[in-house]
Amino acid sequence: MALLPVAEAQQLLFAATKPIDHIETVAIAEAGGRVLAAPLMARLTQPPFDASAMDGYAVRAEDVAELGTRLRVIGQSSAGHGYSGTVGPGEAVRIFTGAPVPEGATVVLLQEDAEKTDDGHIVNRFAPAAGRHIRPRGQDFRDGETVLEPGTILDAGALMVAAAMNHAELPVYRRPLVAVIATGDELVRPGDMPGPDQIIASSTYAVGHLVRAAGGDVLDLGLVADKADHIQAAVNRALDAGADIIVTLGGASVGDHDLVQSSLKHMGMVLDFWRIAMRPGKPLMVGALGPVRVLGLPGNPVSTMVCSYLFLEPLLAILGHRPLPNRMAMARTDVALAANDHRQDYLRAVLSTGSDLTRSVRPHSQQDSSQMKIFARSDCLIVRPPHAPAAAAGDEVPVLLLRQPAF
Ligand SMILES: Nc1nc2c(c(=O)[nH]1)N[C@H]1C(S)=C(S)[C@@H](COP(=O)(O)OP(=O)(O)OC[C@H]3O[C@@H](n4cnc5c(N)ncnc54)[C@H](O)[C@@H]3O)O[C@H]1N2
Ligand code: MOO
């Protein structure tokens with residue numbers, strides 16, 4: 001079977017994926033990072049009254065048109081405690097930022113522009129125009145106004161305005177649930193003592209972190225032996241838990257102990273595709289068990305992660321009503337790169353900024369897909385498309401950012 005190009009595989013997967021339409025209500029304190037599922041209207045008007053933007057004196061603009069006018073201070077208005085009377089001719093009310101502007105006043109004279117006298121008066125040293133330093137009622141938003149649209153990611157700004165609009169709870173889309181099943185007789189948990197032929201299961205945690213960062217929930221179904229009935233039992237647990245995506249780690253290739261695909265097919269999985277023209281990550285398998293998406297990620301940890309960035313992260317974005325992540329950028333390669341074969345290559349690499357302030361990239365000299373240390377020390381993956389010609393040092397090449405550069 002010919003290997004499927006990466007872009008084609010992505011298109012097949014993304015086109016077949018519908019966003020989750022289930023909506024839940026969460027307390028605003030818990031809503032950070034979630035995706036709003038309904039239009040959010042203001043339940044009140046903000047500011048609810050004409051409010052002072054400065055500390056000073058609320059006066060009638062015509063009374064301060066001339067410099068040096070004496071005005072009698074008749075009371076005060078502070079935030080939370082307005083002045084109930086009216087400002088008449090020749091009068092002023094001491095006012096503070098955020099306080100209601102009293103009846104009759106049309107301008108706030110800054111306290112820096114007012115000179116206090118000993119007998120409870122002020123004298124203006126400036127002649128502000130009417131309306132100065134007054135925030136009119138409803139300047140921010142009005143009762144009934146739709147301020148946030150569905151699909152808004154509830155970041156700091158969105159949470160702030162949602163709270164100000166008097167929403168204690170917010171409707172959000174349910175987060176996609178990803179069940180993670182690590183397969184392999186050789187695996188033990190971090191902290192356990194591996195036997196002579198065993199290694200630590202590490203990619204569960206890398207995938208789990210990626211899922212959470214992409215707005216999903218993780219159900220860690222643990223380590224499963226290379227036995228069809230064990231794999232099927234874990235898959236059944238994932239289905240019972242209502243997983244949207246089942247991710248299997250390892251056992252995706254062609255060896256005698258690579259049982260993931262056959263085990264799932266026995267359970268009715270429809271195979272969408274298997275084996276992609278990419279390096280690392282070739283054995284990636286994608287299928288569906290009814291409405292549940294199955295991603296069979298290859299076991300080599302770097303292959304697992306490259307497939308996760310290319311397939312799992314965008315899949316989570318679509319399910320979760322989030323914009324597709326765009327990790328692509330350009331950088332100059334520090335070294336010459338060989339011509340590529342038919343598989344799209346993802347080279348682990350380090351970014352830096354040169355003295356000419358352009359971004360440059362240097363691939364690690366070792367690129368084996370089992371090397372976790374190298375991957376952990378990489379900022380990006382240099383993308384070498386199929387049959388890319390050799391690149392000279394200094395040529396611009398596409399990179400997939402693994403983290404946002406700090407520069
Ligand atoms: N004859 C062939 N052999 C292989 C092919 C092939 O096309 N023909 N493909 C190779 C490629 S490419 C990859 S990638 C690997 C992936 O194979 P599997 O998905 O079947 O992975 P495993 O054999 O189960 O494991 C590979 C490697 O990764 C370690 N591993 C597995 N799970 C974890 C985990 N959760 N955490 C850390 N490490 C894990 C496992 O111990 C193995 O060392 O197949 C090639 N073979
Ligand atoms: O994905 Mo495999 O890691 O190409 O060796």
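The numbers here are math on the coordinates, done by the rules we state, and not lab data. All values derive from a computational prediction rather than experimental measurement. Cβ atoms come from the backbone with ideal geometry, glycine included; neighbour counts cover every protein chain shown.
Here are a few things to note about the model shown:
- The string of couplings for the stretch 179-196 from the Karplus curve (6.51, -1.76, 1.60, θ = phi - 60°) is 8, 10, 10, 8, 10, x, 4, 7, 8, 10, 6, x, x, 7, 8, x, x, x Hz, one whole number per residue in order, with x for Gly and Pro.
- A simple spin-label model places pseudo-atoms 7 Å from Cα toward Cβ; at residue 353 and residue 112 they are separated by 3.5 nm.
- Residue of 149, 186, 62 that the Gaussian network model of the chain assigns the largest fluctuation, springs spanning Cα pairs under 10 Å: 62
- For residue 341, residues with placed amide H under 5 Å, excluding near neighbours: 387
- Packing-based ranking, highest mean first, of 154-160, 6-12 given that Cβ atoms within 10 Å are counted: 6-12, 154-160
- Globularity index of the stretch 3-62, i.e. its alpha-carbon radius of gyration over 2.2 N^0.38 Å: 2.38
- Prolate/oblate/rounded label for the chain (Cα gyration tensor, a/c 1.5): prolate
- Dividing the C-alpha radius of gyration of the stretch 11-116 by 2.2 N^0.38 Å, with N its residue count, gives 1.86.
- Helical runs assigned H by DSSP (4 residues or longer) give the chain a calculated mean residue ellipticity at 222 nm of -4500 deg cm²/dmol, each run adding -39500 (n - 2.57) before division by the residue total.
- Within the stretch 5-36, backbone nitrogen closer than 14 Å to the virtual label 7 Å beyond the Cα of residue 153 toward Cβ: 32-36
- Relative contact order (percent, whole number), the chain, Cα cutoff 8 Å, 6+ residue spacing: 15 percent
- Mean separation of Cα contacts under 8 Å, 6 or more apart, over the residue count of the stretch 328-401: relative contact order %: 50 percent
- Euclidean distance of C-alpha centroids, the stretch 1-78 and the stretch 315-355, integer Å: 35 Å
- Shape of the stretch 328-401, Cα gyration tensor, a/c cut at 1.5: oblate
- Springs between Cα atoms under 10 Å define the GNM used for the chain, and in it the highest mean-square fluctuation of 170, 357, 324 occurs at 357.
- Gaussian network model of the chain, springs between alpha carbon atoms under 10 Å - residue of 250, 208, 80 with greatest fluctuation: 80
- With a cut-off of 14 Å between beta carbons, the residues surrounding residue 132 carry a summed charge of -4, where Lys and Arg count +1 and Asp and Glu -1.
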